[in-house]
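Colleague: Attaching a single structure in structure tokens format; questions to follow.
The values are calculated or read from the model by the stated rules, or taken from the named source; none is laboratory data. The model shown is predicted, which means the values in this text are computed figures rather than measured ones. Positions of Cβ are generated from backbone atoms using ideal geometry, with glycine treated the same way; all protein chains shown enter the neighbour counts. Each accessible area value is taken on the protein alone, full model and side chains, heavy atoms only, with ligands, DNA and RNA left out. Shrake-Rupley method; radii C 1.70, N 1.55, O 1.52, S 1.80 Å.
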Amino acid sequence: MTSRLIALGLGAALLLPALAAAQQQPVPGWQQGRPGGMAGSSLAPNAPKLTATPRDQVPVDKLTLPQGFKAEIYAHGMPGARMMALGSGGTLFIGTRTIGRVYAVKDGKVHTIASGLPQPNGVAFKDGALYVIAINRVLRFDGIEGKLDNPGTPTDLTAAFDLPKDEHHGWKFASFGPDGKLYMQVGAPCNICKVEEDTHAVLLRFNPDGSGREVVARGVRNSVGMAFHPTTGQLWFTNNGRDWAGEDQPQDTLAVVQRTGEHFGFPWCHMGSMPDPEITGRACSEFAQPALLLGPHVAALGMRFYTGGMFPAEYRNSIFIARHGSWNRTQRSGYDVVNITFDAQGKPQMRPFLGGLLQGNNFLGRPTDVQMLPDGSLLVSDEQAGAIYRITYGR
């Protein structure tokens with residue numbers, strides 16, 4: 001009997017750590033930083049739609065635009081369509097996140113270039129090649145516009161770029177700069193936490209082969225959109241603020257890199273003036289300030305400068321920004337495209353452009369990226385509808 005009790009006691013002792021571990025499941029990344037008093041909150045990220053939306057259900061007829069502008073469906077049937085890149089031959093390439101595909105649109109036909117990738121959000125095009133960045137994987141599809149139906153095996157540049165494998169804020173926005181280098185971000189692997197300042201919460205640039213890695217900016221929590229000013233050549237970028245710090249704060253921001261390597265405040269400071277309630281030790285005055293506040297929790301993502309000739313002159317060299325839409329806010333905000341103009345002193349100011357997708361507190365679509373076509377029209381991707389809208393102007 002004694003030996004049996006000892007055995008039972010040992011078994012219980014071995015089982016207790018396992019039970020404790022089972023009870024202490026890791027907190028999902030989106031819940032990290034949530035105050036204890038909000039443990040019962042119903043706020044949670046919006047679930048993406050992973051099936052194709054029939055053309056007659058794409059909400060193009062709900063879109064609102066300034067007088068003289070018109071919206072039409074450019075392409076549809078692409079679940080999860082997000083970031084865009086334009087090939088030299090007119091092919092539009094589209095990355096996704098949760099569905100793991102990369103699409104191409106040419107002459108109205110949709111092709112699937114790749115599938116089964118880990119969040120291949122980042123797409124960029126240079127010298128006939130499509131670059132796809134899927135968390136840490138970097139793939140180059142050479143001569144892609146001539147083989148959309150049979151892309152073949154891409155060149156794997158993963159080892160050369162050596163990007164972190166973190167999935168939380170690990171999806172990329174990528175584009176080539178006027179210097180021929182490939183620019184992208186590595187987001188913070190958390191909602192709010194201290195990070196290694198040269199590896200996370202950074203904007204980076206590389207040579208196209210993955211060599212020459214350089215930190216362009218630090219303290220950038222999660223940028224999923226950047227573009228170069230057509231006349232000054234400066235790099236502008238959107239940045240998503242942290243969650244669980246208030247209904248109306250912090251706001252997402254638009255910023256410009258004035259000096260290579262400068263620090264924009266994460267995790268100590270948000271939107272230039274708001275000290276973090278959890279991470280202390282540095283003052284907001286130490287960091288570079290944003291150029292413009294874009295609204296609380298709006299998820300400002302893809303952005304482009306408009307350099308076309310179709311839209312009225314007041315739009316030339318302005319910025320279009322896709323605001324994907326909030327989840328960490330009881331009254332939803334965003335779900336639109338805004339336009340940023342500059343006054344005589346060069347100060348940016350925001351005005352509405354594309355709306356109609358937020359009806360009351362329900363959303364019909366989620367704008368994710370913008371891309372100008374050579375004719376001056378503007379494309380807008382809608383991740384929720386799996387579609388691309390084309391915006392034209394003509395009175």
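Colleague: Would you work out if region 87-161 is rounded, prolate or oblate? Take a ≥ b ≥ c from the square roots of the eigenvalues of the alpha-carbon gyration tensor; rounded if a/c is under 1.5, else prolate when a/b is larger than b/c, oblate otherwise.
Modeller: Because a/c hits 1.5 or more and a/b fails to exceed b/c, region 87-161 counts as oblate.
Colleague: Against the longest alpha carbon principal axis of the chain, how many degrees, from 0 to 90 and to the nearest 10, is the axis of helix 2-23 turned?
Modeller: In the chain, helix 2-23 runs at an angle near 20 degrees to the longest axis.
Colleague: Once you keep just the Cα pairs under 8 angstrom separated by 6 or more residues, what percentage relative contact order results for the chain?
Modeller: 15 percent
Colleague: Total Lys pairs in the chain closer than 21 Å by alpha-carbon, pairs eight or more apart in sequence or interchain only?
Modeller: The number of close lysine pairs in the chain is 12.
Colleague: Need one word for region 174-306: rounded, prolate or oblate. Basis is the Cα gyration tensor (sqrt eigenvalues a ≥ b ≥ c); a/c below 1.5 gives rounded, then a/b vs b/c decides.
Modeller: On the way: a/c = 1.89, a/b = 1.48, b/c = 1.28.
Cα axes put region 174-306 in the prolate bin.
Colleague: Compute, for D56, the solvent-accessible surface of its heavy atoms (probe 1.4 Å) with the complete set of protein chains present, and express it in square angstrom to the nearest 10.
Modeller: 130 Å²
Colleague: Over the chain, with the other protein chains present, what is the accessible area per residue in square angstrom, probe 1.4 angstrom? Intermediate values should be presented prior to the final figure.
Modeller: Details: 16790 Å² over 395 residues.
Computed with neighbouring chains in place, this is 43 Å² per residue.
Colleague: Which one, I99, I321, I279, has the greatest fluctuation when you compute a Gaussian network model over the chain with C-alpha springs under 10 angstrom?
Modeller: I279
Colleague: Roughly how many nanometres apart are two label points built 7 Å out from the Cα toward the Cβ at R316 and Q57?
Modeller: 4.4 nm
Colleague: In terms of modelled amide H atoms, which long-range or inter-chain residues lie less than 5 Å from the amide H of R304?
Modeller: Distant-sequence amide H within range of R304: F320.
Colleague: Okay, moving on. Within region 227-255, find all residues whose amide N lies under 13 Å from a label point positioned 7 Å from the Cα of S41 along Cα-to-beta-carbon.
Modeller: Answer for region 227-255: 242-250.
Colleague: Where the accessible area of the chain is counted over protein heavy atoms with a 1.4 Å probe, how much of it, in %, is carbon and sulfur?
Modeller: In the chain, the share of accessible area belonging to carbon and sulfur is 51 percent.
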